[in-house]
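Structure first, then comments.
The values are calculated or read from the model by the stated rules, or taken from the named source; none is laboratory data. All values reported here derive from a predicted model rather than from experimental measurement. No Cβ is skipped: glycine too gets one built from the backbone with ideal geometry, and neighbour counts run over all protein chains shown.
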Amino acid sequence: MPQPVQPVTAGTPATSELAIEVLGITKRFPGVVANADVNIAVRRGTVHAIVGENGAGKSTLMKMLYGMQRPDEGEIRIDGKPVSFSSPSDAIAAGVGMVHQHFMLADNFTVLENIVLGSEPTARGALDFGAARRRITELSRTYGLGLNPDVLVEHLGVGDRQRVEIAKVLYRGARLLILDEPTAVLVPHEVEELFQNLRELKNEGLTILFISHKLDEVISVADDITVIRRGRTVGTANPHSTTPRQLAELMVGSELPSPETRSDTVSDRTVLSVRGLTVTAEGGRTVLDDLSFDIHAGEIFGIAGVEGNGQSELVEALMGIRPIAAGTVTLNARDITATSTRNRRLAGIGYIPEDRQRQGLLLEAPLWENRVLGHSDSAPNIKGPLIDRAGARRDTERIVAEFDVRTPGIDVPALALSGGNQQKLIVGRELSGEPVLLIASQPTRGVDVGAQAAIWDHVRRARASGLAVLLISADLEELIGMSDSIRVILRGAFVAEADPATITAEDLGAAMTGAGTVSGAA
Amino acid sequence: MSGPGATGTVNRVGPLDRLRQRYPLRSVLLGLAAPVGAVLFALLASSVILSLGGHSPSHVFSTMLKQAERPTSFVDMVNQAMVYYLSAVAVSIGFRMNLFNIGVEGQYSLAAFGAAYVGGQLTGGGPFHVVIEVLVAMLVGAAWAGVAGLLKVTRGVSEVISTIMLNAIAVGLGSYLLHKLGQSSGNNIQTKPISASGQVAGLSYSGTQAKIFGFLFVAIAVGVAYWFITGRTRFGFRIKATGLNEQAAVASGVNVKRMTLVAMLMSGGVAGLVGLPELLGQTHTFSQTAQSGLGFAGIAIALLGRNSPVGMALAAVLWSFLGKSANQLDFIGVPREIAAIMQGVILLSVVIAYELVRRYRLVLQQKDVAAQLAAVPATAANQAVTA
């Protein structure tokens, strides 16, 4: 078998075939990772994947390609000609388009309006939607996007929204599309549709830069793969002769962790008991419909589901942040249905919120004050009605050491840390003070593989000592590997139950869309 | 609860090292850069304006400084600064929670009226006379601010809008009550004068008959309490957390609505004190000639002092110096409005300078973290290569 992974060297294809070429790009940046001597050659009419851990420098690289940042050294060539972008509009003018991970669409606009927004066609000073509609219909047909220009975006699903974003970029004449983690928000069958679209775009001669850290997807869709580690291009790989594992090891530079927690620690002592939990949104729409479940000491209870099917509402209802319409919540045989968030925390609920920066941190406050956040009523942070600064600082030092938070000290503001280290701090904080229940919402989203393994380890250890965990994750492997039991949530109700020992990610993904039955159902 | 290892390492560090570690020289200098830079810039800007008007900047500044040295104007300045300070503290309590209490103006004028009226009705009562006046003022101020707080919490009305409107209502209500409950003296209407037991004696200052208001001690106490509550207590932490990130505060168990109401009440309570130094120390009666505009000055001073108890004290002194020393400028033929220009320029440049310094500091801190961490991955990467 030939060596599947080659280091980046000269001798890449002739320049004329290259749609974009990155030569020795270096970016010194006041963040945690900079790009150093990055070299990428992207052949025209191919899907080129760039893989790397979070924080490896993919985003910085993309921002430079899209004109949002300028490289300090090196050169970017498009169609063989050196370019220098000072803003995204320069990039767009050069035929480079970016599809962001988070959609930037106006819900109350139609597909057509969203696509033309910012480059509205005019005829004699008036908006000319007729021309735009013809153009969009044509684009949609050529590339198989299947868009109806007159539908309101709020009625579209995630996959369709993404196609609108793609159409938006194509409408502006892009020949090179950068897709930043496009599959992060999609369920498996939507991923397949996206890949079909990408193949059609490719067949029409467009070039696609595909950024991801989901390696099996990369291998299935890409023609070439470039691996980035710690800001450097460490190699290229041929997807036909590389396994995900080899790629991952190249990405991480070491052996891979796995989320397995096979030893059984589930006890029969119920920690959290939820009965008939119902939550309605403003306007009376039911977002959580009569949910009942128990979580036992030592059990990790996983919830799988496409985002927006009631997971956030469930977490917020359990934390007492969102009012509930009906049902009861019992923690260690104590009814906490009407208890305040503060008292729920005091009763031993730890909470890792899904959006750590918005809900879990005071970004501009030092780490030790972030240690106090959410725990300003319990030891070691308090001294009567006062904050025990010394105690809080000491305990922050402990978390930094035990959870391997990479920081020069506990007086730096939280925003100076990388995402993974911020998350380790939060996990450390929420596992402090011997909680009885941990509500973990996307606990490893957007953190690198090393931090992910550390977080898994800590949760596993806490589980072994009797912690009950509610785990909500979009990472199905994490969910299957960590959980002792899994429920699938769809439109606010549990629609299936899965046995993590036997279910595959594909089956679970199908169940999440309501498409398939769960083969491993208990 | 904490790991034994952590305790050991912290204890080995001496107090001086800890101080140096917590407040590195660079961060202290950065902290000073903004206010000092802003004042210098304001001096420069006003020099340009003065020169354009054909006046000598150095002459103007020395006249202002000389004026400040005169005992009478010095006392006047201290008195004004303490009033400004109280107003600034009231405003900054709201600021900490991202609440913009523009209504200090209305809160203190109603509170001063209430204290003057109740104080005038009471006779005797010994030391309680003053205590009752202070309590009445704080309650009235808190109640008036509480209206805005309630509206915000229950109906989602922006406190900016409601406090501005409440200011207008307070003016009308105040003069209505004054006509209704006051007595006329000459062609002025005022409340019944407060008897001696309800007055606060002033402090003498050599070289002048004027007295420093005895309320100075109250202002200092308010400053210390403000520092203590916001910086050291659990309650203060919740306020800070809410101000920095409301969503995170909610997720960590802070009842934001209750905190909003409490912060408004506290802000109004302190605002109630603003009119008292003059009332209890000098005029002993409330009339329509009572000083106005203190609430708005408080907003400027709180901004200038960045909500810090010490910073606001310095800002209050500076503000008062500029305002009072300008009186003398008329005598040398320079329009005294130059002082108002300086106040404005200082405020604007401080706000800008702080933002610049804040961003610069964040970049520096991120660089530090990156530099510190670069050492670790570099070795790890090397190992990976050799492996």
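Computed values, structure above
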item: From B:Gln190, B:Gln199, residue being touching a strand residue (DSSP E or B) at 6+ places or on another chain (Cβ under 7 Å), more than 14 Å from chain A (Cβ to nearest Cβ), of a type outside the set (Lys, Arg) and touching a residue at least 40 places away in the same chain (Cβ under 8 Å); result: B:Gln190
item: Residue match in region B:102-121 (condition: at pLDDT below 95 and not in a helix (DSSP H, G or I)); result: yes
item: Scan of region A:389-404 for residues that are closer than 23 Å to A:Trp456 by Cβ and at the interface with chain B (Cβ under 7 Å from one of its Cβ atoms), ordered by number; result: A:Asp395, A:Arg398, A:Ala401, A:Glu402
item: Cβ pairs under 8 Å, 6+ apart, first in region A:394-414 and assigned by TED's automatic domain parsing to the domain that holds A:Gly433, second β-branched (Val, Ile, Thr) and assigned to a loop (DSSP other than H, G, I, E, B); result: A:Thr396/A:Ile410; A:Glu397/A:Ile410; A:Ile399/A:Val405; A:Val400/A:Thr407; A:Val400/A:Ile410
item: The lone exception for B:Leu304 - which of (1) hydrophobic (A, V, I, L, M, F, W, C); (2) within 14 Å of chain A (Cβ to nearest Cβ); (3) surrounded by 21 or more Cβ atoms within 10 Å (Cβ to Cβ) it fails; result: (2)
item: Matching residues in region A:405-424 - criterion: being of a type in the set (D, E, K, R) and at the interface with chain B (Cβ under 10 Å from one of its Cβ atoms); result: A:Arg406, A:Asp411
item: Enumeration of residues in region A:103-140 that are out of contact with any strand residue (DSSP E or B) (no Cβ under 9 Å at 6 or more places or on another chain) and in a loop (DSSP other than H, G, I, E, B); result: A:Phe103, A:Met104, A:Leu105, A:Ala106, A:Leu117, A:Gly118, A:Ser119, A:Arg124, A:Gly125
item: Verdict on A:Val427 being under 19 Å from the mean Cα position of the chain (by Cα), more than 14 Å from every other protein chain (Cβ to nearest Cβ) and closer than 14 Å to A:Ile349 by Cα; result: yes
item: Restricting region A:342-372 to residues that are within 7 Å of chain B (Cβ to nearest Cβ) and among the charged types (D, E, K, R), the residue that is nearest to A:Pro443 (Cα to Cα); result: A:Arg358
item: Filter result for the condition that a residue is in the same structural domain as A:Ala304 (by TED's automatic domain parsing), small (Gly, Ala, Ser) and either at pLDDT 85 or above or over 20 Å from A:Tyr351 (Cα atoms) (or both), over A:Ala464, A:Ala474, A:Ala451; result: A:Ala464
item: Test: residue in region A:490-498 that is surrounded by 23 or more Cβ atoms within 10 Å (Cβ to Cβ) and under 15 Å from A:Arg356 (Cα atoms); result: no
item: Selection status of A:Ser376, crowded, with 19+ Cβ neighbours inside 10 Å, closer than 27 Å to B:Gly236 by Cα and within 9 Å of chain B (Cβ to nearest Cβ); result: yes
item: Single condition A:Ala304 does not satisfy, out of (1) surrounded by fewer than 18 Cβ atoms within 10 Å (Cβ to Cβ); (2) under 28 Å from A:Ala505 (Cβ atoms); result: (1)
item: Residue under evaluation B:Ser158, criteria (1) surrounded by fewer than 24 Cβ atoms within 10 Å (Cβ to Cβ); (2) more than 22 Å from the chain's Cα centre (by Cα), criterion not met; result: (2)
item: Subset of region B:284-298 [under 17 Å from B:Met77 (Cα atoms), over 16 Å from the mean Cα position of the chain (by Cα) and not in a loop (DSSP other than H, G, I, E, B)]; result: none
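One line per residue, one yes/no per condition, for (1) of a type in the set (A, V, I, L, M); (2) on the phi > 0 side of the Ramachandran plot; (3) surrounded by fewer than 21 Cβ atoms within 10 Å (Cβ to Cβ); (4) under 20 Å from the mean Cα position of the chain (by Cα):
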site: B:Pro71; (1), (2), (3), (4): no, no, yes, no
site: B:Val83; (1), (2), (3), (4): yes, no, no, yes
site: B:Ile93; (1), (2), (3), (4): yes, no, no, yes
site: B:Gln107; (1), (2), (3), (4): no, no, no, yes
site: B:Phe113; (1), (2), (3), (4): no, no, no, no
site: B:Gly141; (1), (2), (3), (4): no, no, no, yes
site: B:Trp144; (1), (2), (3), (4): no, no, no, yes
